[in-house]
Each structure stands twice: as C-alpha cells, then as structure tokens.
C-alpha cells in the first residue's frame, strides 16, 4: 500500500516539477538530477528493495520526460503508433507470459533489473503448486533422550563462540599461516568440514539454532528496536517456541550471554532463555563495530571476568562476535580491497581464540570445558554476482566452520553434511538432557565419541523467501518464492554451483524439487491470518 501511494503521488509530482523547471533556464537541472538518480538506482542495493527501485526508476524517467517537455521533434505518425503498439505488446507480454525458468533466473542475477521480483506476482504461475503433493502436519514425536556416549561431568562448561560472517574455507590449509589459532584449534578438535547454516543472515541462523525450528515455522511480528536512532522490523519476540537455553536454565544450569547488539537480548526472542545476559556498550573514544556496537575485545574482558568468578558446577556461555562485518573497518588493513579488510578483521578473531584458550589453561578449566566454535553464515565476494551476505543461499554464504573441542573426544575430520541446527541437540546431549521432539536437528555427540551414525534429518536453509535443501545424493535444491525460480546443482561435480540442472533434468528435476516443496509445506507455522513474511 505504501509503495502504491508513493508511486501514485510521487511520480506525478516529480513530473510536474520537472515540467515547470523546463519552462525556464533550469531545463538542465532535472535532466542531470534524473541521470544521477537513474545511475544510483542501478548501483545502490542491487538485487534488493525492488519496490524502491521501481519508485526511483519511475521518478527518474518522469523527470527526464518533464525536462524534455516542450522540445519539438516531428516524428511520422506511423512511427508514433508503432511505438505505442510495440510498447503495449511488450508490457502485456511481460505481465501475462511467464518466461522459462532459466530466463527468469538470468534476469534475477542481472544487475540493474529492478522489476523482476514484482512481475512474477502477476503471472499465472502454478508450477510450485503442481510440484507439491498434498501435505499434512508431521505427527508429534517423542523427546530424544541423551545418547550417553560421553560422560557428563557435573561441572561441565560449554562455551559456544559464534563468529559473524566467517567463511568455511578459512579453516583450510591455505590459511594456516595467516590464522594459526584457528588451525591449532582445528587440529585439536572434531572438525565438521561440510557444515552449513540454516540461513545466510544472523537473525535467521541464530533464531533457528536456538529454537530448533526454521524461520517458516516461527512467528515473526513487528516491534521497535531501541538501537541508535531506533528502527522497526520483524522479530520473533512473540514466537512461543522454547529455545534450548531455556531448557538448560530450567535444569538449573547457569546460562550466560554477553552481546554487542541490543537485539540479542531475551526480549527480542532470537536468543531467549539466558538466566544472565548483558549487552556491553561501546566505550566512547575507543573502536566500535559499525560505529554502534562494542568490539569483541570488550566482550572478551567480560567473559574473562565471568570465568574467573565461576567456581563449581556447570555453565553454558554464549557469545556472538559481530566484529567481522561490513564495512570491515576494525582490522589493521584500512585501504585494501573488501576481501583484504575482511581477512584483517578475521585475524582479530583468530587472536581472540588463542587468548581464550590461554585463559582456560591459566584458570585450570581446560579439562572441564567444551568449546563449540562456528559462525552464523559465510560471506560473498563476487561469487554469483553478489557480495556480503543475506542475498542468496549459495554455499559461499551458507558454508560455515564448525569445530567442537571436547576433552574426551579425540581430534578427527567428519566429512559428512551437517547443519548448525544440530547444535541445540548436541549441547543438550552433552549436558545430559533430552532434546524436544520438535527440534529439527540431531545430536552430533556420536561423532565426538568416534562413531559414524546415519543422520536422518535433511539439510535445510531459508531466508528472504528463498529455500534450499541438500539431498543425500549430493544434489542441492534452491527455490525462490519471490522470483518463482528453481535451481538444482550437483555438488559432487559442481561445488561452486555454476551449472543449474533444473531445466536440463526435466521431469526428474521436478520430481527432485518435490522433496523441498513438500518439506516446507509440512513444516511451517499455521496461524490464522499469518503469512510467512519477507524479512530482510
């Protein structure tokens, strides 16, 4: 509704002002202004905010038309009619005819195409519905008892260190010299080499990991965020799902979170359930993350103080390090490429890992501490035409490191697909607690005990109305609900996800896509009047 009002009122007003200016000596002003807006509309926030791109594009076009008002060019009558007929035919075909999946996908990946997310809403597209057979809710199951495969010490400490935007490939040997603490931890831990996040954005991943459910199973509603000047957005503060920190707290285990951003507090719903929580405010005159958050160094000081005063008994401590985040201005490299500045920020995290492990040794906590080290998503640097994170579900954004350092678990590499959704069941299992039946992940403790279980849950991710699934045969399926596009990649042969097989596979591709559509039809929130939203 807001977009309709803005276009209805804004575009005629821009055209009127441009026409009025064209009568005087200022004709060049609206022309230059329209050109600046058109160029900015192309370069800024490409692939996002299609409504805003439509508004600015329409305003730029009308400003140009208004500025040129009054200039005379006598075109033949037949040319005017031909132009009108051709324009009308093109507009009608764009609104009514659905192009092939490959063409729609190519438009989606083309910079400067702004209307593509809006057009599919007018197409008579029933492909997604045809793919999906009727589905019903999965029957309620039973809670999963702890595995008992590793001893549960009464004074176990679990530290869950999550890092923002940390790519999985930074733990490979190619970066061993640059990030020595990562690789020392990797060599001492159980390393899950094919871990994926359930989303490519912090809010999606952390909420899903803590709740054990996916975004489309949760209730998200609007609320005000008291950060900086404040803003309104969608948050899971009213979602009733019990998070796993609540289960730990209810079992009498102290649960502690130190955060940099206010939206990590219990009241916002993402990481609800901590018995102790504290947002560390940035210190005036000292570096801050994105100019508004404290740094990881500030949090490390709080963690050190909390560990020093912890005595007997168990403890769960969670920290999400927001430092490796665009604009990548905290590292020692200030003027390099975005990737070099990013790696410079990652170096700060590498040093903190070493600092944390030395602290545990100093306090004599090494033999009772389990360290879980991972990320919320990866980061793109031009792969698939996108940068940063949140915009797609390709593996440069979904692939994450996952290391679990356990005093009773010998180091090993686990080369099977796992998901961060498995962390909730794993942490509950390590504390000797049952996992609720609704949790979508499975415990990884059998791997820590040296076994190789056959896990039955799918590998799923979603975000911004995109859905992805990795099948046991190595196929990766992606469905974009806004663009109405489908993708299938054979990760065994095409790990960079460059060759979309969906159109080539024909009926077989449609049959494979049924698994994804059926999963999300079955496992979604059903609340009267609620539609799964687009959450940027």
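Every number here is computed from the coordinates shown, using simple stated rules; none is lab data. Just so it is clear, the structure is predicted and the values come from calculations on it, not from any experiment. Cβ sites come from the backbone with ideal geometry, for glycine too, and all protein chains shown count toward neighbours.
Listed by Cβ neighbour count within 10 Å, with the fewest neighbours leading, 20, 78, 191 appear as 78, 20, 191. Equivalent-ellipsoid semi-axes for the range 235-339 (Cα gyration tensor, √(5λ), whole Å, largest first): 29, 18, 11.
Taken along its principal axes, the alpha carbon cloud of the range 157-455 reaches lengths of 47, 45, 42 Å, longest axis first.
Working ranking of peptides 442-452, 221-231, 331-341, 253-263 by packing, defined as the average number of other Cβ atoms within 10 Å per residue, highest first, is 253-263, 442-452, 331-341, 221-231. Projected label points at residue 13 and residue 334, each 7 Å from Cα along the beta carbon direction, are separated by 4.1 nanometres. At full extension, residue 81 and residue 362 could sit 92.8 nm farther apart than now, given 0.36 nm per residue minus the alpha carbon distance.
Put a dot 7 Å past the Cα of residue 504, heading toward its Cβ, do the same for residue 473, and the two dots end up 1.5 nm apart. The orientation-averaged shadow of the Cα convex hull for the range 224-267, equal to a quarter of the hull surface, comes to 3.7 nm².
Computing FRET efficiency as 1/(1 + (r/R0)^6) for residue 452 and residue 177, where r is the C-beta to C-beta distance and R0 is 22 Å, gives about 0.10.
Once the C-beta distance of residue 231 and residue 326 is scaled by a Förster radius of 22 Å, the resulting FRET efficiency is 0.80 to the nearest 0.05. Using a Förster distance of 56 Å, how high is the FRET efficiency between residue 26 and residue 527, based on the Cβ-Cβ distance and rounded to 0.05? The value I calculate is 0.55.
Neighbour counting of Cβ atoms within 10 Å sorts the residues 520, 439, fewest neighbours leading, into 520, 439. Computed extension gain for residue 89 through residue 415, at 0.36 nm per residue and net of the alpha carbon distance, reaches 112.0 nm. The simple spin-label model puts a point 7 Å past each Cα toward its Cβ; for residue 187 and residue 494 those points are separated by 3.8 nm. Normalised Debye scattering of the range 136-212 at q = 0.19 Å⁻¹ gives log10 I(q)/I(0) of -1.13, counting only Cα atoms as equal scatterers and leaving out solvent. Indicate the gyration tensor shape class of the range 367-492 (rounded, prolate or oblate), computed on the Cα atoms with a ≥ b ≥ c the square roots of the eigenvalues: a/c under 1.5 is rounded; otherwise a/b larger than b/c is prolate and the rest oblate. Since a/c reaches 1.5 and a/b is larger than b/c, the shape of the range 367-492 is classed as prolate. The fewest-to-most ranking of 249, 156 by surrounding Cβ atoms within 10 Å reads 249, 156.
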